[in-house]
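One structure is given here, and the rest of the page talks about it.
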Amino acid sequence: MSDISLAALAAQVFTGLVLGGIYVLLAVGLSLIFGLMTVVNFSHGALYMLGAYFGFVLMGRTGSFLVALVLAPLLVGVFGLVVERFLIRPLYGRSPDDPLLLTFGLSLVLVEVARLIWGKIGVTLDPPAALAGAVNLGFTYFPTYRLFVIAVTAVVLVGLWLFLEKTNIGLVIRAGSRDPLMVRALGFDVGRIWFLVFGIGAGLAGLAGILAGPMRGAYAEMGVTIIIESFVVVVVGGMGSLLGAVISGLLIGQIVGLTTFFAPKLAEIIVFIFMALVLLFRPSGLLGETGLME
Amino acid sequence: MNRRVFLTTTAAGAATFAFPAVLRAQSKDPIRIGFPAPLTGPFSAIAADMKQGAELAVDELNARGGILGRKVEVLIRDDQLKPQVGAQRTQELIEKEGCQFIVGGLAAHVQMAINEQTKKAKVLFISTSQSDEISAKPDTSPITFHEALNPTITSRVVGKWVMENLGKKWWIVYADYAWGKQNNMVLSETNKKHGGTVLGNTPYPLGSAEFSAHLPKIQAAKPEVLVSCTPGADNIAFLKQVKSFGMHQQMKIAQPLHWISVAKQGGPELYQDIYGGMNFYWELQDGNPDVKRYVDSFQKKFGTPPGEYGVYAYSAILEVARGSELAKTTDAEKVADALRKSPAYNHFKGKQWWRTCDNKSFQDMWILKGRAPGKTKGDWGLLEVVSRVPANEEFDRTCAEKGLA
């Protein structure tokens, strides 16, 4: 096909960056929770969905997208704290299957509750007027809102990195993921760190949800497929590795984007083919530490 | 089981055997029409409209004395947009709940599964789903009727109109399942027949919310018309992303169908200048008292104007009634024969008829265009009628082409 111009390809790379950004926000939270607590959080997709719906409600109440963008992730984060405190905490020390089953059940409940409250049909969210329309990037027109999503994702990830690397709490979180017993011996309350980390992970999922809302709309089942893809991102990046999740999320965003461009029929399964290939050559993922899963 | 229950059951059983009159009285039991539809999932808005159309038809039937003097009930069940669930619900409706007729189905692939069950159980089925196969070999049967339009008709009618009015260079985006594939095929044929070019065809998985990865390529190809076969909730996500990329300023957008419940949810900003075909639109009531009567009673019962799929459900249930009255029985084959023997009907929206060789209904089609925001008529008046295309058997494949002649 001679029509495949460099400009279209460049636009495709930007599109892939947005897809990847959403994956990264979800995968970083999943990875953080798994790395620290060895909890496979199956309710992450439902938290993503809650983020979009909370955003919808808050935009209706306040009329401001920015307020919703800040408050919705916070509310989902608080909801995550409640889930950790009352549902997951009693399961610590038991088989890792128990929290997995619990969060899976929780996701089913949340989807049904969303259907009850907001209806089976789903709702549409509009981006704020300032971000509506498209900008001329020189080689193509690209939706302003999608550029905004790329920017927000970048800012949040840098903020998260600073928090983990430069603050004392971050230091304890990183230490806790290496050796919780030693951290406890040093007098830190590991339970409180886990509590906090689950809240942060949930908040990031909520942020991904409200960011995706104006692009894809909000509906009860919106987290069902993306949770699977996010797990693929985590596995490819290496279970528990944050940098791995970021790299793998962006990589998979590009792979999906480019496959859609050249071979649309393959776009759906390409992530799984890619995962299989990565695991074949690097069984613990791109940046995973060997032995973490054993 | 306690003694009293045992006694009453055996007594009732004995009475049934002893008195044929009791048997006759039993046929005064209500006539039950089973109605599988995807009440949850991406088609739920359209399914809700179908449910209401069915309920209105049953209300009206009962108000005028039911069918053959028996009360009518409609049993609506969620097929979850899954063929295996649709098949299971249908089987339960027939075997456990004793339905004499099945009407309904919305997604083409689920409707096929329903049809398998009704054929097996020898129950008359009137499909309200868009599908080409349902009225063709090997899927059709003498007791399978098809009330809705099908992809061949919609894509030939809308495709021809688009060629004549909007442009000849197209790009087609379609949901990768029965309905989408059939539309894509017929649209491509229609385009070629009228001397156009299809620059590209993009399939995507049904139920997608993310289309952006497909769009730069389409934008670069510069088609005159973007033809979108993105049903249900996909339609909103698709149009939203197409418009956010500014593509509506670079090309016209047309679809084989508009769905008013979906358009209402998406809003006028999204649907402005989007062209599409329909079998019915509530504003047709202007100047047509029959349509007005229907719209008024629907509005009175449900508080919203009727949609296009509710009309299919309404008409199909009234056809079950008409056929049963004509045949004086609920026997599937006799009702089917009766409908073929007097195939013409008009349940308010204009003359329709069953083609006797394939049990396919023929009806007028309308081309509509989305109004600009501020120009809409209330919440539901998002579209304006651009053109009427009278019913014509030539728009469908012939019975010979369907393997039926």
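Quick note: the coordinates plus some simple rules give every number you see, no bench work behind them. Small disclaimer: the values here were computed from a predicted structure and weren't measured. Cβ placement follows ideal geometry from the backbone for every residue including glycine, while neighbour counts extend to all protein chains displayed.
The calculated 222 nm mean residue ellipticity attributable to helices in chain B amounts to -13500 deg cm²/dmol, summing -39500 (n - 2.57) over DSSP H runs of n ≥ 4 and dividing by all residues.
Percent of alpha carbon pairs in the stretch B:354-405 separated by more than 12 Å?
Values: 941 of 1326 pairs.
Considering the stretch B:354-405, 71 percent of its Cα-Cα pairs are separated by more than 12 Å.
Applying a 4.7 Å cutoff between beta carbons, the unpaired cysteines of the protein assembly as shown are B:C99, B:C229. The mean number of partner chain beta-carbon atoms within 10 angstrom of a residue's beta-carbon across peptide B:230-241 is 3. Taking chain B as a Gaussian network of alpha-carbon nodes connected by springs under 10 Å, the highest mean-square fluctuation of the residues B:N62, B:N191, B:N235 belongs to B:N62.
State the antiparallel share, in %, of DSSP beta bridges confined to the protein assembly as shown, rounding to the nearest 5. Display every interim value, and only then the final one.
Working: 21 of 56 bridges.
Counting only bridges with both partners in the protein assembly as shown, antiparallel ones make up about 40 percent.
Count charges around A:I117 for me, please; just the other residues with Cβ under 15 Å from its Cβ, Lys/Arg as +1, Asp/Glu as -1. Here the count lands on +1. The HN-Hα couplings worked out from phi for the stretch A:203-208 by the Karplus form 6.51 cos²θ - 1.76 cosθ + 1.60 (θ = phi - 60°) are x, 5, 5, x, 5, 4 Hz, whole numbers, x standing for Gly and Pro.
Go ahead and estimate [θ] at 222 nm for chain A from helices alone: -39,500 (n - 2.57) per DSSP H run with n ≥ 4, summed, over the residue count, rounded to 500.
Details: 11 runs with 208 residues, N = 294.
Computed mean residue ellipticity for chain A: -24000 deg cm²/dmol.
Length, then width, then depth: along the principal axes, the Cα atoms of the stretch A:11-220 run 56, 41, 30 Å. Loop-resident trypsin sites (Lys or Arg not before Pro) (DSSP state other than H, G, I, E or B) in the stretch B:267-376 with no more than 12 further Cβ atoms inside 10 Å of their Cβ: B:K328, B:K351, B:K375.
Partner chain Cβ atoms within 10 Å, averaged over the residues of B:202-212 - can you pull that number for me?
Numbers: counts 3, 3, 5, 5, 0, 4, 4, 11, 11, 4, 14.
Partner-chain Cβ atoms within 10 Å, mean over residues of B:202-212: 6.
By definition, a body whose alpha carbon gyration tensor gives a ≥ b ≥ c is oblate when a/c is 1.5 or more and a/b is not larger than b/c, and the stretch B:168-213 fits this oblate description.
Hey, with R₀ at 22 Å, roughly what FRET efficiency would A:D189 and A:K166 work out to, going by the Cβ-Cβ distance, to 0.05? If you can, show how the numbers build up before the last one.
Values: r = 21 Å, r/R0 = 0.98.
For A:D189 and A:K166, the calculated efficiency is 0.55.
Among B:E164, B:E73, B:E283, the residue with the largest mean-square fluctuation in a Gaussian network model of chain B, with springs joining Cα atoms closer than 10 Å, is B:E164.
Across chain B, Cα pairs under 8 Å and at least six residues apart give a relative contact order of 17 percent. In this structure the amide hydrogen of A:A134, modeled in the peptide plane, comes within under 5 Å of the amide hydrogens of A:T144, none closer than 5 places in sequence on its chain. The Cα-based radius of gyration and maximum Cα-Cα distance (Dmax) for chain B are 22.5, 81 Å. Sorted from longest to shortest, the spans of the Cα atoms of the protein assembly as shown along the three principal axes equal 88, 79, 49 Å.
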